[in-house]
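Report on the structure given below.
The values are calculated or read from the model by the stated rules, or taken from the named source; none is laboratory data. Predicted model only: the values in this text are computed from it and were never measured. Positions of Cβ are generated from backbone atoms using ideal geometry, with glycine treated the same way; all protein chains shown enter the neighbour counts.
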Amino acid sequence: MNYIFIIQLIVASLLVVSILLQQRGTALGAAFGGGSEVYTTRRGFHKKLYWSTIILGAAFIGLSILNLTI
């Protein structure tokens, strides 16, 4: 079995979870930019979650490119 593909599936699952954990608005209008929430700076867990999402996204793109070349 292709190990890169398995790692890519794991990274994709973690990326989906990290994106869903960042959801701030619960209404449908929040998905389209509605609502008047005031956002503050990211601190603590939210900052780590933000950076882990960026790293997981970059890893997913890198693994996708690597999977195409092999």
**Prompt:** So which pairs qualify, if the first residue must be in the range 46-70 and over 15 Å from Gln22 (Cα atoms), the second must be assigned to a helix (DSSP H, G or I) and of a type outside the set (A, V, I, L, M), the Cβ gap must be under 8 Å, and the two must be at least 6 apart or on different chains?
**Reply:** Phe60/Gln8; Leu63/Gln8; Ser64/Gln8; Asn67/Phe5; Asn67/Gln8
**Complete:** Going through the range 21-59 in order, the residues found to be among the basic types (Lys, Arg) and either modelled with pLDDT under 60 or surrounded by 11 or more Cβ atoms within 10 Å (Cβ to Cβ) (or both) are Arg42, Lys47, Lys48
**Fill in**
Flagged pairs (Cβ under 8 angstrom, 6 or more apart or on separate chains; first in the range 10-22, more than 17 Å from Lys47 (Cβ to Cβ); second surrounded by 12 or more Cβ atoms within 10 Å (Cβ to Cβ) and not aromatic (Phe, Trp, Tyr)) are Val11/Leu56; Val11/Ala59; Val11/Leu63; Leu14/Leu56; Leu15/Thr53; Leu15/Leu56; Leu15/Gly57
